[in-house]
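Student: Sharing a structure below in C-alpha cells format, with a few things to ask.
Derivation of every value follows stated rules applied to the coordinates shown; laboratory data play no part. Values in this document were obtained by computation on a predicted structure and should not be read as measured data. FYI the Cβ positions are ideal-geometry reconstructions off the backbone, even for glycines, and counts take in every protein chain you see.
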Amino acid sequence: MPERVHEREPEGGAGAGQEHGGLLRAFGLAEVYNPSMVPTLRPGDQLVVRYGAVVRPGDVVVLRHPFRQDLLIVKRAVQRRDGGWWVQGDNPFVENDSREFGVVPDELVIARAWVRVRPPRGIQRSVAGVLAWAVSAVRPVRAARSFSRRLRAR
C-alpha cells in the first residue's frame, strides 16, 4: 500500500508563498496516513510544512510520487544524487521509497516538514492532561543525522 499524505495547500497552490511573498502561504498542513515513517511519524500525525524550503540530508519532506504525481508521500531525504534526492521511509519494513522508484527529481519535492503534531487520544479532561499531551505531541521534525549516516554505512 503506498504511503499517502493529505495536503492542505495554501491559497494558490504549492509554493504560493514564494510567488506572492506571503509568509503564511509559505506554510501548510499535511496529514500522514500510512506507516512508512514509523517511528518518527505515525498515521494520523499532522505536519506543518514549509513550501520551497531548502532540503538537506536527513530532512523529512513531502513529495509527489514519481509514478503517480497526484499522490503525495512523506519520506526522509537521505542524500543528494545526480538528478534529485534519494528518499526513504524510517520504517524498514515498508519499501515504497527510492529503493522502489529511484531518485526523485527536485521539482517533485514540494515541502519540508517543520513541526509534527500528534492528535490527542480521547478527550483531555484536565489542564494537566492537555499539558502532558502538548509536551509529547508537538515536536519539531529535525534532520536525523544518525539515520542518514547509518544508511550510507550499509
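Student: Give me the distance between the Cα centres of segment 73-114 and segment 27-55, rounded to whole Å.
Tutor: 13 Å
Student: Report the chymotrypsin sites (Phe, Trp or Tyr not before Pro) located in segment 44-147 that are in a DSSP loop and have at most 15 other Cβ atoms inside 10 Å of their Cβ, or state none.
Tutor: Taking segment 44-147 and a limit of 15 other Cβ atoms within 10 Å, the loop chymotrypsin sites (Phe, Trp or Tyr not before Pro) found are 67, 93.
Student: How far apart, in nm, are the 7 Å Cα→Cβ label points at residue 29 and residue 71?
Tutor: So the two model labels end up 2.5 nm from each other.
Student: Using a 7 Å offset from the Cα along the Cα-to-Cβ direction at both residue 50 and residue 93, what is the distance between the two label points in nm, to one decimal?
Tutor: 3.4 nm
Student: What is the calculated FRET efficiency for residue 82 to residue 115, with r their C-beta to C-beta distance and R₀ = 25 Å, to the nearest 0.05?
Tutor: 0.20
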